[in-house]
Each structure stands twice: as structure tokens, then as C-alpha cells.
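For reference, the structure is listed below as C-alpha cells.
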Amino acid sequence: MRIDIELTSSINEPRVARGVGLLLCCAAFISGCVSHSAEKTGESPRDERERTLVDRTVSVLEEASRAFEIARAAGDAPAMVRAALQRLEVSNTFLSESAATRLSEKTLEMIRLARIVAADNTQMQTEIDQILSAIDLDPEQRLSHLGKLGNFTGALKSQRLTTYTLAATHSRHFRVGVSSDNGAIVYVEAPASSGVTLRVVEENETSVCSDSSRHGMLICRWRPSNDGIAKIILHNASAFEVPVLMITNASILPGD
């Protein structure tokens, strides 16, 4: 491996700037029209803004993951790196430093996997070096400090986002408030091949969604049948503790 970068902020490529601009424009548009939608669903304007921001954020992360897996299947290591770097569009736009760090650690993991795919292919390794050379690194080979892309820090509170360490062979449950007026999303990131699984059940214990992807990017989308409470179950099947990031457009209820 030629470089080891701790990705903790933004990159200077025009593509990312456009992506961030789209997020900002989306937030501005939501701010202007949210009152009418909130009246319909009973949500506060802030709830509506946060839910929509989660939806947009998860879409960016999911698209980057999809592009990464397509490139990996094709053996295109430089395309894998480009896909991984798309994630930095949202790495510091909405959450705490700890959550941004978790996203960045996953991005670094993806770049390392691309290096493995490139192996001793000098041409691909050189192209990866060129892609990464466009990143604004500080003297310690880290990206610039958090906060350059916007002032969204704290936009998502602990009711919609959490980072923690999942103990070996343990499960953790979260109760979330859901509404039949809104589709629900839970997105989880953990290290690849860590054995973390995601399952969502309704109040009557009916399973509505599950994901056990070994790539460590898990997602559940469902339409709640009624207003009420759903339970998110994260399980670590491995013999080691695992760092986890969870983002949801539902509200995590206290006491979990």
C-alpha cells in the first residue's frame, strides 16, 4: 500500500463541490416549503427538515456503495476509489465529528480494498495515486479540518443518529417512533466482514426488513403499517467488538 490517509473532511474536486451544493440547495428548498408538509403529517418543520436530510444523505451513501461494488466486480480499482470518495460529500455536512470520523474510516477501508484489487498493476496504482493527489492533505496526511463544507454540525441530533461500539456476540435494540405517512429508513455502517446484521420488527414482533451484507453497509426501508413504534435490532456475530454508525429518519426514543 502506497499511502495511508485518514479521511476526515472534504476533497477539492468539482464533482464533490457540486454534490455539496446540491445538498445545500436541497436544504434551502426544504426550508421554504416544509410548513405545508408538516401540517399534513403532524411533524414540526425541524422534524421534516431532518427526515429529508437523512433521506438525501442515505441516498448519496447508497449510490456510492452501489458504484463501488460495480467497479469491484469489474476489477476497476480507480473507479472503486472514485466511488469511495463520493461519500465525502456528506462526511461533515450534518453530524458530529465522531459520526464524520466513522464515515471517513469506512471510506479509507474502501480505498484500501481498491489498492488490493489493483495489486501489482502499476497503471492502476498510478491512477489511484493521481486521484488521491487531488485531495487537500495537511502535513500529517489527513484531509482539512471538519466544517469547510457548511454549517450543518448538529443538524441531526441523537434522536436520528448514533455511533457506538457493539460488543462481541451481542445485540443492541433501539425503539423508534414511526408514522404511516412517511417511509422509514435505517442505515448502518460497520467494518466489512464484521458479522454485523440489521433487522427491524414492528410492535407485534413481525419482521419487516433485514440486511446481513458482509460489506458492512446495511439498509432497511419500509412503509409502517400504522403510527407507532418499531424496533431496530443490530447484532454482532463476531468475537470482537465492532464500531457502528446508525442513521435513521425515524426518531430514536429515549431509554435505549
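Mind listing just one residue for me: the one in region 211-230 that is open to solvent by less than 80 Å² (accessible area, probe 1.4 Å), of a type outside the set (Val, Ile, Thr) and part of a strand (DSSP E or B) and, of those, farthest from residue 55 (Cα to Cα)?
228
Of the residues that sit in region 192-221 and are hydrophobic (A, V, I, L, M, F, W, C) and touching a residue at least 60 places away in the same chain (Cβ under 8 Å), which one is farthest from residue 244 (Cα to Cα)?
By that ranking, first place goes to 219.
Out of (1) buried (at least 21 other Cβ atoms within 10 Å of the Cβ); (2) modelled with pLDDT of 85 or more; (3) within 28 Å of residue 250 (Cβ to Cβ); (4) not polar (S, T, N, Q), the odd one out for residue 81 is which?
Failed condition: (3).
Identify the single condition in (1) over 20 Å from residue 54 (Cβ atoms); (2) buried (at least 21 other Cβ atoms within 10 Å of the Cβ) that residue 204 does not satisfy, given that it satisfies every other one.
(2)
Output yes when any residue across region 199-206 is acidic (Asp, Glu), in contact with a Pro (Cβ under 9 Å, 6 or more places away or on another chain) and outside the structural domain of residue 104 (by the TED database), and no when none is.
yes
Report, ordered by the first and then the second residue, all pairs with beta carbons closer than 7 Å, sequence separation of six or more or different chains, a first member in region 228-241 that is touching a residue at least 40 places away in the same chain (Cβ under 8 Å), and a second member that is in a loop (DSSP other than H, G, I, E, B) and acidic (Asp, Glu).
Pairs found: 228/203; 229/203.
The values are calculated or read from the model by the stated rules, or taken from the named source; none is laboratory data. The structure displayed is predicted, hence computed values, not measured ones. FYI the Cβ positions are ideal-geometry reconstructions off the backbone, even for glycines, and counts take in every protein chain you see. Each accessible area value is taken on the protein alone, full model and side chains, heavy atoms only, with ligands, DNA and RNA left out. Shrake-Rupley method; radii C 1.70, N 1.55, O 1.52, S 1.80 Å.
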